[in-house]
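Asks: Okay, handing you the structure first.
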Amino acid sequence: MSDERRAAEEAVRACYSTWSTTYHDDYYGPDAAHPPVHRDLLLGLLAEHGARDVLDAGCGPASFLRHLAGTGVRPFGFDLTPEMVAEARRVIGDDAAVWEGSVLDAAAFHPPGQPERRFDAAVCAGVLPHVPAEADAAVIGALASAVRPGGLVAATARNELFGLFTLNRYSHRLFLELIDADALRHAALPGEREGLERGLAELEARFRTDLPPVRTGEGGAPGYDEVLSRAHNPLALREVAVAAGLRDVRLLFLHFHRLPPLAAEAVPELQRRASLAMEADPADPRGLVMASSFLVAGRAP
């Protein structure tokens, strides 16, 4: 394991170590900022596939797995953070069904001592933001290798193209990536550098870079926005899935925003109603820029 990967995983582990008993309510509870749309999408995909068992890679405190109760689908999962694993085992009630592991370790996608074990489906929700860009293909490949031939593979990610819509720090970050500001600085001649910096400052002034607030941690642990928490281009991640051999690859969008966040401040209830109405069609192509998250799903070879 490289020092860079070790440091990144240690930071993510620390971030989530204080979150094990509240994470589910924060993202699945009645007061969550968004309804858990991905839960319903995943449940629908499992039912459509006829899955009898499912592996949740990066399962947290059994955030999704606990909702399989009564569906006839047997839950399995692993997570990087020991505190999350302990909470997941408490919720699931089956220690053997949940183990500690990293999505960057291909062996973690199989139960300890069962390297040949395969599942009908493998899902990965809320984990890809914490994966280095160069590891995306390996994680998607490991998900595909964890299922039986034709098995379902589904993973959620934050939508990088949402920055084309938000007019806040996400937009500013996306613009800097699109123009490759560092490369421009390197290419600028001595007489151009001051002008370039003025232009970049003018660009930054067009966005509310103070929003959304940076999510910090508790008890000295780093927060979500203080560890690796990338967004993904949906079109690019779909190509990663195709390159991994997945068939019938689909993009499904979630957490729609009918208005850009800044425009919605004056009409929050209208924003919520209109945004929730858009969730009825996760294939709506407007989701490419109007949804903050997405799900890529396909079938293994």
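Asks: Could you identify the single residue in PHE119, PHE162 that is touching a residue at least 12 places away in the same chain (Cβ under 8 Å) and farther than 19 Å from ASP53 by Cα?
Replies: PHE162
Asks: Would you point out which residue out of GLU218, GLU204 is farther than 21 Å from PRO132 by Cβ, modelled with pLDDT under 95 and surrounded by fewer than 20 Cβ atoms within 10 Å (Cβ to Cβ)?
Replies: Checking each option against the conditions leaves just GLU218.
Asks: Moving on to the next point. Of all the residues that make up segment 147-172, how many are part of a strand (DSSP E or B) and aliphatic (A, V, I, L, M)?
Replies: Final tally of qualifying residues: 6.
Asks: Residues that are among the aromatic types (Phe, Trp, Tyr) and under 20 Å from ALA142 (Cβ atoms): find the strands (runs of 3 or more DSSP E) completely inside segment 15-119 holding 2 or more of those.
Replies: 74-79
For every residue, the table says whether it meets (1) more than 25 Å from VAL12 (Cβ to Cβ); (2) in contact (Cβ under 8 Å) with a residue 60 or more places away in the chain.
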{"position": "LEU211", "(1), (2)": "no, no"}
{"position": "GLU218", "(1), (2)": "no, yes"}
{"position": "VAL240", "(1), (2)": "no, yes"}
{"position": "ALA263", "(1), (2)": "yes, no"}
{"position": "GLU269", "(1), (2)": "yes, no"}
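Asks: Testing PHE253 on (1) over 26 Å from GLU134 (Cβ atoms); (2) crowded, with 18+ Cβ neighbours inside 10 Å; (3) not aliphatic (A, V, I, L, M), one condition comes back false. Which one is that?
Replies: With respect to (1) over 26 Å from GLU134 (Cβ atoms); (2) crowded, with 18+ Cβ neighbours inside 10 Å; (3) not aliphatic (A, V, I, L, M), PHE253 is out only on (1).
Asks: Let me ask something else about it. Taking the conditions exactly as written (under 30 Å from GLU134 (Cβ atoms) and at pLDDT 95 or above), does VAL54 satisfy them or not?
Replies: Yes.
Asks: Exactly one condition in (1) in contact with a His (Cβ under 9 Å, 6 or more places away or on another chain); (2) surrounded by 14 or more Cβ atoms within 10 Å (Cβ to Cβ); (3) part of a helix (DSSP H, G or I); (4) not aliphatic (A, V, I, L, M) is false for SER229; which is it?
Replies: Failed condition: (3).
Asks: Here is a further query. Condition check: outside the structural domain of ALA263 (by TED's automatic domain parsing) and not β-branched (Val, Ile, Thr). Does LEU174 satisfy that?
Replies: Considered against the rule, which asks whether it is outside the structural domain of ALA263 (by TED's automatic domain parsing) and not β-branched (Val, Ile, Thr), LEU174 comes out as yes.
Asks: Give me the residue from segment 198-227 that is charged (D, E, K, R) and more than 22 Å from the chain's Cα centre (by Cα) and, out of that set, nearest to SER20 (Cα to Cα).
Replies: Filtering first and then ranking leaves ASP210.
Asks: Please list, ordered by first then second residue, the pairs with beta carbon atoms under 9 Å, 6 or more apart or interchain, first in segment 85-108 and surrounded by 21 or more Cβ atoms within 10 Å (Cβ to Cβ), second of a type in the set (Ser, Thr, Tyr) and in a helix (DSSP H, G or I).
Replies: GLU87/TYR23
Asks: Another question, if that's okay. Of all residues in segment 120-140 being of a type in the set (A, V, I, L, M, F, W, C) and in a strand (DSSP E or B), which is nearest to LEU228 (Cα to Cα)?
Replies: The extreme case among them is CYS124.
Asks: Having 3 or more residues that are modelled with pLDDT under 95, closer than 22 Å to ARG208 by Cβ and in contact with a helix residue (DSSP H, G or I) (Cβ under 9 Å, 6 or more places away or on another chain) is the bar; report the helices (runs of 4 or more DSSP H) wholly within segment 245-301 that clear it.
Replies: 261-264
Asks: Any chance you could count how many residues in segment 185-205 are among the aliphatic types (A, V, I, L, M) and touching a helix residue (DSSP H, G or I) at 6+ places or on another chain (Cβ under 8 Å)?
Replies: 4
Asks: Sticking with this structure for a sec: For segment 261-301, how many residues meet the condition of being closer than 17 Å to LEU45 by Cβ and surrounded by fewer than 13 Cβ atoms within 10 Å (Cβ to Cβ)?
Replies: Looking only at that region, the number is 2.
Asks: Assuming ASP248 fulfils every condition listed in (1) touching a Pro at 6+ places or on another chain (Cβ under 7 Å); (2) on the phi > 0 side of the Ramachandran plot apart from one, which condition is it?
Replies: Answer for ASP248: the failing condition is (1).
The values are calculated or read from the model by the stated rules, or taken from the named source; none is laboratory data. The model shown is predicted, which means the values in this text are computed figures rather than measured ones. All Cβ positions, even for glycine, are placed from backbone atoms using ideal geometry, and neighbour counts span all protein chains on display.
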